[in-house]
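The values are calculated or read from the model by the stated rules, or taken from the named source; none is laboratory data. Worth saying up front: this structure is predicted, and the values here are computed from it rather than measured. Counting neighbours? That spans all protein chains shown, and the Cβs are built from the backbone with ideal geometry, glycine included.
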Amino acid sequence: MTPSLSADLTGPVAPVLRERGQREVFCGLTGIVWLHRKIQDAFFLVVGSRTCAHLLQSAAGVMIFAEPRFATAIIDDRDLSGLADANAELDRMVEQLLARRPDIKLLFLVGSCPSEVIKLDLSRAAMRLSQRFAPSVRILNYSGSGIETTFTQGEDACLAALVPLLPKSDAPALLVVGALADAVEDQLRRSLAALGIAQVHVLPSRSAMELPPVGSGTRYLLAQPFLADTARALEGRGARRIPAPFPLGAEGTQLWLRAAAQAFGANMATVRAATALQAERAAAALARIRPALEGKRVFFFPDSQLEVPLARFLHREMGMQLVEVGTPYLHQQHLAEELALLPADTRLSEGQDVERQLDRCRAERPDLVVCGLGLANPLEAEGLATKWSIELVFTPIQGFEQATDLANLFVRPLDRRTRLRV
Amino acid sequence: MQLAMWTYEGPPHVGAMRIATAMIGVHYVLHAPQGDTYADLLFTMIERRDRRPPVTYTTFQARDLGGDTAGLFQNALRQAYERFDPQAILVGASCTAELLQDDPGGLARALDLPVPVVPLELPSYQRKENWGAAETFYRLVRALAQPRTREKGGRPVCNILGPTALGFHHRDDVVEIRRLIERLGIDIGVVAPLGASPADLARIGEADFNVVLYPEIAGTAATWLTRTFGQPATKTAPLGIGATRDFVAEVAALAGVDPAPVLNGQAARLPWYSRSVDSTYLTGKRVFIFGDATHAIAAARIAREELGFDIAGLGTYSREFARELRAAAAEHGVEPLITDDYLAVEAAIAEAHPDLVLGTQMERHVAKRLGVPCAVISAPMHVQDFPARYSPQMGFEGANVLFDTWIHPLMMGLEEHLLSMFRGDFEFHEGAAPSHLGAAHADAPPVVLPANAGQSWSPEAEQELARIPFFVRGKARRNTERFAADRGVAQITIETLYDAKAHFSR
Ligand code: SF4
């Protein structure tokens, strides 16, 4: 399929439904679950409560590693009552940790709701501790608290915290921003190289020590839609964003690569030549899967901010009808190219009142509901097919080669229902 | 502050959720930020519940902090009442809201709802999940239970207290124990909190006595019921054959009935399985036990009296029951381990070098790393701890289940003997897993114990050590090194190895 931007460039016209009520989403701490796999020499120390520790453990599920590269410094009564100096306690925790884990090169102090409410200043702590442990360990801080961040915004906060550390270079280069599975990152790098873009860097890099340079020659391309703060920080360093849809599906990937190519002056013939094979392969594979999804109605509960690009993929490439596309936060600017590709009558909702949204969902009886782990089984028990959204964050879904994996994530729950006779 | 990688218990409000979710007609309004809604998945995913927990979270955000978080709470409470129409409401705060000091109890009172509202004060920075569950159950019972109106006499009646949502095999334990009690000719009054409504709690006082299945959860409420309504409570957790027999005797005595029909008619297979010759190989296996206090203490008795194991270590994360665990450890002649630091537990296991670990999911991972077999005996809960089949831990059938679950990870008797006979055989070697566990189990990394400082093994001694079956190799190495160190021997030779063997086998 040759993507065409001229087809229906209208985008949703109905007003976005903005709701405030109970939200049913993770907090930004959850990002640690994939960030610690991506940045292989970093450690994440949450300064929080037993709840924070329990959230991480529950979200990480069965992924119990020998010694995970994350932990929680659990605030207790003594810290709150002033019996212990919380800053001194934190220093003690860090000492203990670094003594145990000499392999750590980068330590993130991750703020939580309790640390923020008691106004424990983690940026000062990070500075203080950095001086002490330099040069062997770098210590940074960001907030993953539930009062400030929703799920994937934790990654945004983490990457934004890295930006001031990036070395300066004004040489022309492309910076791909957002954590991707290593295999996906390598594929996209190969594609970008094939377009003739010589200098390609990524943030975050696999090693904390290999930070990509940034400066006025940097054009950055978001690989994830939830990176508002990181983008702002990069702009502050002189980098400029390449507007593009996100690399989900064959079309999304092709438009994403094309945007990069255009920004670096490649002509359309080169782009077509460089991506035709993969794009056609992916489109052909998707076409085989399409009948399983075509015409089916999908409802998105807000979760990862990936909802809009996913909805665009399911609608345009798989022929699904969009009943509601809920997202925790709708970044109009970063999503402009995505929104333009959605049908005019798409119902978008931002924020959440989970009870009312469930009412709407039950009334609509969609064929497939994309929702979080707390809602999936209860909705299945009510007879609705569901896809747990967290899998869309943990699974490699970007790029041409993953387009069918992405589609199959939505096919499987439907397929399963047609098989079962129990 | 305390450094934690993995925790055995969640925060106390998760304990409160376990009570609310177990019950019918109860709703919990929790002042908490959005991320705390993760707790729903414990019930919907791990326990595979088909309904959301009956919990409304206020999900306040940073921008609300300067404003009216109290108003937000009242709104959420009013809406939850209207939408869910509960018979009783719990209100409380999670760790973050506790710092805001909005006083959910007072705010709820001001709304003057026409149903009982029970405020919970669960200090998140001091207490943990089981304590939160116990406190919540106690507060509910205290608020709702009415004194007895039923005449004395007639068939004896008891309540069964303690089973919750997200409890370790609670679902099946209740079925098993209910059956056992009914066979004694005793009626069951209320089972709570699992499956009970506020109206059920109101008639809790009608029973003659209470059966406490899990003291961690029902202990506080049962003590209050004894004090207030004069209802005695059972003290024995019916885990294992011996404890189940004791439990039957205790229940029968409280009810004034004859235990003999149940004690004589028991169909437990554990006693015969344990006496059959294939089980000879279980003799003296060294077992390390860690879990909640009730399950750990009971496991130690079963291990020693019913399976013929030796106790190599005994511990719990339930600090509230440290006294009971210390007493049990003294009885078994081991040091008690009372900690919620899993790294300390890991170190203790490595040090004890057991043949089998009976622990939680955390110890299962530790044991896997150390290459030691393990069975899970206690929460924290994992999806595997909710099997589709009936698998109680308590009562006579529970004892059968325990026999199977604990023995399964070990070599079968015959297999183990053949292994020592054919040691060094190219297929039948020590690295092979028990045949019934399949090849996937064979790849656990070997235990590598560093030699003591200043000691070294001669290549020949190392080779000889490698011929010793893997399940005793660690012990042989440790003993030899200790033997050598005691005698100031720096280079361990084959002779040292066999000297040590002779020394320790005396
Ligand atoms: S929402 Fe806040 S208190 Fe809850 S787990 Fe997340 S950071 Fe911790």
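B:Tyr28 meets all of the listed conditions (1) facing chain A (nearest Cβ under 10 Å); (2) touching a residue at least 40 places away in the same chain (Cβ under 8 Å) but one, namely (1). Beta carbons closer than 6 Å, at least 6 apart along the sequence or on distinct chains, pair a first residue in the stretch B:245-265 that is buried (at least 19 other Cβ atoms within 10 Å of the Cβ) with a second that is among the charged types (D, E, K, R) for B:Val262/B:Arg183.
Being part of a loop (DSSP other than H, G, I, E, B) and either on the phi > 0 side of the Ramachandran plot or within 18 Å of the chain's Cα centre (by Cα) (or both), is that true of even one residue in the stretch B:274-295? Yes: the stretch B:274-295 contains one or more residues that are part of a loop (DSSP other than H, G, I, E, B) and either on the phi > 0 side of the Ramachandran plot or within 18 Å of the chain's Cα centre (by Cα) (or both). Taking the numbered list (1) within 20 Å of B:Arg155 (Cβ to Cβ); (2) buried (at least 18 other Cβ atoms within 10 Å of the Cβ) in turn, B:Gly185 passes all entries but (2).
Return the total of residues in the stretch B:165-189 being in contact with a Cys (Cβ under 9 Å, 6 or more places away or on another chain) and aliphatic (A, V, I, L, M). The number of residues fulfilling the criteria is 3. Looking only at the stretch B:12-22, decide whether some residue is away from the ligand (no atom under 15 Å from the Cβ) and either part of a loop (DSSP other than H, G, I, E, B) or modelled with pLDDT under 95 (or both). No, the stretch B:12-22 contains no residue that is away from the ligand (no atom under 15 Å from the Cβ) and either part of a loop (DSSP other than H, G, I, E, B) or modelled with pLDDT under 95 (or both). A Cβ distance below 8 Å, combined with a sequence gap of six or more or placement on separate chains, defines the contacts here; from the stretch A:254-273, residues that are without any contact (Cβ under 8 Å) to a residue 40 or more places away in the chain reach residues that are surrounded by 19 or more Cβ atoms within 10 Å (Cβ to Cβ) and aromatic (Phe, Trp, Tyr) in the pairs A:Trp256/A:Phe246. Looking across B:Val157, B:Val91, one residue alone is more than 12 Å from B:Ala16 (Cβ to Cβ), modelled with pLDDT of 95 or more and among the β-branched types (Val, Ile, Thr). It is B:Val157.
Taking the condition within 16 Å of the ligand (Cβ to nearest atom) and crowded, with 21+ Cβ neighbours inside 10 Å, does A:Ser115 pass? Yes; evaluated as a whole, the condition is true for this residue. Could you please let me know if A:Arg101 is away from the ligand (no atom under 16 Å from the Cβ), buried (at least 21 other Cβ atoms within 10 Å of the Cβ), over 21 Å from B:Thr96 (Cβ atoms) and at pLDDT below 95? So A:Arg101 does not fit the description; no.
If you filter the stretch B:51-103 down to residues that are farther than 21 Å from A:Val117 by Cβ and small (Gly, Ala, Ser), you find that the one that is nearest to the ligand (Cβ to nearest atom) is B:Ala80. Report, by residue number, each residue of the stretch A:26-41 that is within 14 Å of the ligand (Cβ to nearest atom) and more than 7 Å from chain B (Cβ to nearest Cβ). Selection gives A:Gly28, A:Thr30, A:Gly31, A:Ile32, A:Val33.
Would you mind stating whether B:Thr56 is assigned to a loop (DSSP other than H, G, I, E, B), β-branched (Val, Ile, Thr) and within 10 Å of chain A (Cβ to nearest Cβ)? When the stated conditions are applied, B:Thr56 does not pass them. Flag: B:Glu121 does not match the condition of being farther than 26 Å from A:Pro114 by Cβ and more than 15 Å from the ligand (Cβ to nearest atom). With the condition kept exactly as written, say whether any residue in the stretch A:246-254 is part of a helix (DSSP H, G or I), over 15 Å from A:Leu406 (Cβ atoms), of a type in the set (Gly, Ala, Ser) and under 25 Å from the mean Cα position of the chain (by Cα). No, the stretch A:246-254 contains no residue that is part of a helix (DSSP H, G or I), over 15 Å from A:Leu406 (Cβ atoms), of a type in the set (Gly, Ala, Ser) and under 25 Å from the mean Cα position of the chain (by Cα). Within the stretch A:128-149, the residues that satisfy the criterion of being more than 13 Å from the ligand (Cβ to nearest atom) and surrounded by 14 or more Cβ atoms within 10 Å (Cβ to Cβ) are A:Arg128, A:Leu129, A:Ser130, A:Phe133, A:Val137, A:Arg138, A:Ile139, A:Leu140, A:Asn141.
Among the residues of the stretch B:153-167, the ones that are part of a loop (DSSP other than H, G, I, E, B) and buried (at least 24 other Cβ atoms within 10 Å of the Cβ) come to 5 in all.
Rundown of residues vs (1) surrounded by fewer than 18 Cβ atoms within 10 Å (Cβ to Cβ); (2) at pLDDT 95 or above; (3) within 7 Å of another protein chain (Cβ to nearest Cβ); (4) under 22 Å from the mean Cα position of the chain (by Cα), yes/no style:
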position: A:Arg20; (1), (2), (3), (4): yes, no, no, no
position: A:Phe43; (1), (2), (3), (4): no, yes, no, yes
position: A:Val46; (1), (2), (3), (4): no, yes, no, yes
position: A:Ala59; (1), (2), (3), (4): no, no, yes, yes
position: A:Ala66; (1), (2), (3), (4): yes, no, yes, no
position: A:Phe70; (1), (2), (3), (4): no, no, no, yes
position: A:Arg78; (1), (2), (3), (4): yes, no, no, no
position: A:Ser81; (1), (2), (3), (4): yes, no, no, no
position: A:Asp85; (1), (2), (3), (4): yes, no, no, no
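At least 1 residues being at positive phi and in contact (Cβ under 8 Å) with a residue 40 or more places away in the chain is the threshold, and among the strands (runs of 3 or more DSSP E) wholly inside the stretch A:275-385 those reaching it are A:348-352. Applying the set (1) closer than 15 Å to B:Asn210 by Cα; (2) in contact with a strand residue (DSSP E or B) (Cβ under 7 Å, 6 or more places away or on another chain) to B:Arg148 leaves exactly one unmet item: (2). Against the test of being closer than 26 Å to B:Ile338 by Cα, free of Cβ contacts under 8 Å to residues at least 24 places away in the same chain, among the aliphatic types (A, V, I, L, M) and at the interface with another protein chain (Cβ under 7 Å from one of its Cβ atoms), the options B:Met1, B:Met5 yield a single qualifying residue, B:Met1. Taking the stretch B:329-344 as the range and being in a helix (DSSP H, G or I), in contact with a helix residue (DSSP H, G or I) (Cβ under 8 Å, 6 or more places away or on another chain) and modelled with pLDDT under 95 as the test, only B:Tyr342 passes.
Among the residues of the stretch A:170-222, count how many are polar (S, T, N, Q) and out of contact with any Asp or Glu (no Cβ under 9 Å at 6 or more places or on another chain). Qualifying residue count, the stretch A:170-222: 3.
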